[in-house]
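Read through the structure below, which is laid out as structure tokens, and then see the notes.
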Amino acid sequence: MSSRITRIRRATARDAKRLTALVRTSRAYEGPYAPMVAGYRVGPDYIETHRVFVAVGPDDRVLGFYALVLDPPELDLMFVADSAQGLGIGRLLVAHMLGEARGAGAADVRVVAHPPAEGFYLSVGGERTGTEPANPPAVMWDRPEFTIPVN
């Protein structure tokens, strides 16, 4: 885990532009995946109505974020800034997310992952449960589905 992280905090409406930029510029969505995030927006309304948490560095730079939906429990979004890849930010966010889910009484959390992230979700305890089929035009490819136990 990186010492550059000072905390994970609840996102606020003021974070919307930074979170949107993080999604739209993610190298994980280059090439054939680019259309999925091209017009994506993490708006203030989304932040206010969902459990969105941000990992920030000492300079308040956004290093990553996630959004958890509780009914039913599902990881809706998780992104780590390109400049923070490989520093343990994703693992930190997953651990925090599982704590939030546990606190809300969930037994596990469903994750429908970006295909290149499959190895990551397996490495944090995800159990492959199936495949979410493509849903054109929004999603043009099948995605792996996981369950991560909260315990």
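What number, in percent, do you get for the relative contact order of the stretch 70-132 if the mean sequence gap of Cα pairs under 8 Å and at least 6 apart is divided by its residue count? Intermediate results must be reported in sequence, preceding the final value.
Numbers: 28 pairs, mean separation 25.5, N = 63.
Contact order relative to length: 40 percent.
Can you give the Rg/Rh ratio of the stretch 41-83, where Rg is from the C-alpha atoms and Rh is the Kirkwood radius? Don't skip to the end; give the middle numbers.
Working: Rg = 11.3 Å, Rh = 11.2 Å.
Ratio of gyration radius to Kirkwood radius: 1.01.
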Just to confirm a number: summing +1 for Lys and Arg and -1 for Asp and Glu over residues other than ARG24 whose beta-carbon lies under 15 angstrom from that of ARG24, what do you get? +1
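Using only Cα atoms, what is the ratio of the radius of gyration of the chain to 2.2 N^0.38 Å?
0.99
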Rounded to a whole %, the carbon-and-sulfur portion of the accessible area of the stretch 1-116 at a 1.4 Å probe is 52 percent
Can you compute the FRET efficiency between GLN85 and ASP60 using 1/(1 + (r/R0)^6), with r the Cβ-Cβ distance and R0 = 25 Å? Round to the nearest 0.05. 0.80
Give the relative contact order (percent, whole number) for the chain; include only Cα pairs under 8 Å separated by 6+ residues. 20 percent
Just read off the accessible area of THR12 with the full protein assembly in place, 1.4 Å probe, to the nearest 10 Å². 70 Å²
Inter-label distance, nm, simple model (7 Å from Cα along the C-beta direction), ALA134/THR6: 4.5 nm
What whole-number value in Å² describes the accessible area per residue of the stretch 97-151 for a 1.4 Å probe? 51 Å²
Distance in nm between pseudo-label sites at HIS96 and ARG14 (7 Å out along the Cβ direction from Cα): 1.7 nm
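The values are calculated or read from the model by the stated rules, or taken from the named source; none is laboratory data. The structure displayed is predicted, hence computed values, not measured ones. No Cβ is skipped: glycine too gets one built from the backbone with ideal geometry, and neighbour counts run over all protein chains shown. Accessible surface areas use protein heavy atoms only, side chains included; no ligands, DNA or RNA. Shrake-Rupley method; radii C 1.70, N 1.55, O 1.52, S 1.80 Å.
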